[in-house]
Amino acid sequence: MGDLHRDRPGRQQGRQTRPPDGRQLPSGVLEAVGSADVLLQHALPRDCGDVSRALCRIAGGVRFRALQVRRQSRALPAASSDDHDPRRGDAHRPVRADVPVPSVRQDRRAPHRLCRREPAPGDLHHAERLHLDRPGHPRCRDDRRGEHVAGILGDHGADRAERSRRLWHPDVLRHLERVSLRTHVYVDGQGPDAAGGDHAAQESMGALRQRGAVCDGAPVVSADHHRLRAASEILRSGLECRSTQAIGALMLRWFCLIFAVVIIVVSVVEYVWHATPFEQIQGDFGLARTDPSVTVIRLGVASWQMNEFPWEETVRRYEKAKRGKVRIKLSVLPEGSFNSLLLFWRYGYTEYDVVVAFADEEIHPFIDYNWNTTDPARRSLLINVRDYLSEDKMNSFVPALLDGASRKDPNTGKMNCYELPWMGEVLALNYNKKYFQQAGIKELPKSWEEVEQVCERLKRARLTHQDKEVAPLAMNFAQRGFFAQNCYIPMLAAFKKGRGIKDDKGRLDVASPEAVKVFATLKRWYKAGYVTARSFVSERVEQELRTLDAVMYPHWQSRGLWAVDDHGPQVIGLAPTPGAQEAGSLIATYGCIIPKCSPVKKEAAEICYELFCTDQFKFQSAVAKGFMLDGKKKGGNKMPATKQIYDHPDLPPGVAELGRSLNRGYSYPDPTNWAQCAEILVVEFQKYLRDKTPTAEEALANVRERYADEVYTE
């Protein structure tokens, strides 16, 4: 590293960068240069960045200046302090002894007074500017590095080195300082070695003085030496700065570690004791444990239902009416928690005494658990609510709303009910009133034959919206359960004229002539252009009525209510499903389920019935009429679960009209296997629709075959 300029291109006039063999420099200079060279080769870290590379080049500069001193000692005659050669200029005038020696603690950005000679073509400064600043030089990988090194070696290098501080080991800084001091050679005992004197330095300077290289009493100090000293002090200040940063980073790491530990402890406490530490400090959880007169119910409600119904307001009214004897801890049920509930309840652990989240067809995995066991206590993960409520209370519900969550007991043969209904939803014909008026249609279709006639008239009317043709009918032919529940089932029930949608085994009918008629009718409508072209994209079909791209949409009443919210009741209307007066309507039920592992099963059943299944605390009225939240009306237009609500004269017209079809309502057949059966049905229908299966009879035959092989293993 000391031989910095070896094999460097651009050396002018063949000047050597090293003295020939056998020609030695004074011992003090050699010792100083050697110490700096060895230190910078072995003591500096390899990854210390631009600063270390600059210091290495400074070390080379120290040796190069020593070589220059040797050449001057051979070339220059002895001269006095008054000598002046105008041909050589002031740059080669020997310096008088009375010139003040600058201290190493002075401003290192100022040029050293003792080095006023301009750089020669072979000088280090010139070499650096020729090569290190040159793009693509092998010792400079990019322009910024060469520019930075040149800045370090230049007059204002300290400013640029300040921007390249690195964290150095204190031992390295001490060595740098010692080397920096040793390379500043003084004579006559002046300087940092005045106390003991540096004999090697004095001998070296004596030899130089005999050769006429220096004047008596004039120190020979290289500007590169001062730059090395400046870099050392810069690194020392960088150490202080980086030490502060290191302490801050260490404190931040400890803070993050402690914070993570606190989070873990809080999570474990909440998981084990079912209460946050804050709740335990307040005494809420302790009150539930120690006071037997207070009943605590842990209620979990699905997030999508929180803003649709007045849960919090109803709970507060109930607690106030009970005067502190009942406490209900309401919490939002996380999305996608179905499987975790199933797993925990299976092993007898629950965080909730009541869960309000799922429709009736969704809770059957909880019901099916251990269903074939001979021990009734181990059958199902949910309680049979008939075991906890009186017969009068069970008879207060709309009967059709109980069917979806009921199952025949294998021991007694009676129907067990595993859900407390609080809301129902009915399949309806949602339609656009303005499009009906534009096409001149004054009466709503009451049968599917009339629906086909209305579609033909709407097609001839050529209705458009935003320069796009409006489809008469939006139907979902995508691979989801919506095809079976919104297209196949209501048409099958209407064509069978009230004889039901089940076969003799209690499964979905896929063998009757009416089933063949459903497939054939839907394909005819699709080929005629009555059904929207986007019927195979479920997410798009869901928005057809709301975006005014379709006139009619047979689906749950909630889809029509969404469009009502967008365009108002003067544009969107709801009507019973065609054929519902004779065959009834498909119904979905939402209710409260109570796990068997709850410690307060009986209390939970009684409280849920009183709180949500009656209108004592105005919850059922909110289901039908809506409620006010933050000055805005929320919810409403859903089907109440109890019979008495339908006698209210102020029910919304749509709820009252749809309620008349509840007496003949029906639910999914075979809910345990419903999802798989619905998927097979729509796949075979799509094959028939795209002519891969020639006839409807063959398509339904394929459905029956797959049911036997994949679902029922017959």
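No lab work stands behind these numbers, since they all come straight from the coordinates. In this text, all values refer to a predicted model and were calculated from it rather than measured experimentally. All Cβ positions, glycine included, derive from the backbone under ideal geometry; neighbour counts span all protein chains shown.
Worth a mention:
- Projected label points at N372 and V537, each 7 Å from Cα along the beta carbon direction, are separated by 4.5 nanometres.
- Long-range amide H partners of E419 with built H, under 5 Å: V385
- Once both labels are positioned 7 Å from their Cα atoms along Cα-to-Cβ, the gap between Q438 and V265 label points is 6.7 nm.
- A DSSP coil position with no more than 16 other Cβ atoms inside 10 Å describes the following trypsin sites (Lys or Arg not before Pro) in region 306-337: R323, K325.
- Calculated FRET efficiency for the pair V683/K468, C-beta based, R₀ 30 Å, to 0.05: 0.50
- Simple label model, 7 Å out from Cα along Cβ direction - E606 to D691, nm: 6.8
- Our estimate of slack between D709 and D630, defined as 0.36 nm per intervening residue step minus the Cα-Cα distance, is 23.0 nm.
- Set of lysines near K502 by C-alpha distance (under 18 Å), chain-local residues within fewer than 8 positions excluded: K408, K517
- Stretching the chain fully between R524 and S293 yields a gain of 76.5 nm (0.36 nm per residue, less the alpha carbon separation).
- With a Förster radius of 60 Å applied to the beta-carbon distance between R346 and E456, the computed FRET efficiency rounds to 0.65.
- For N339 and E698, the FRET efficiency from 1/(1 + (r/R0)^6), where r spans their Cβ atoms and R0 equals 30 Å, is about 0.20.
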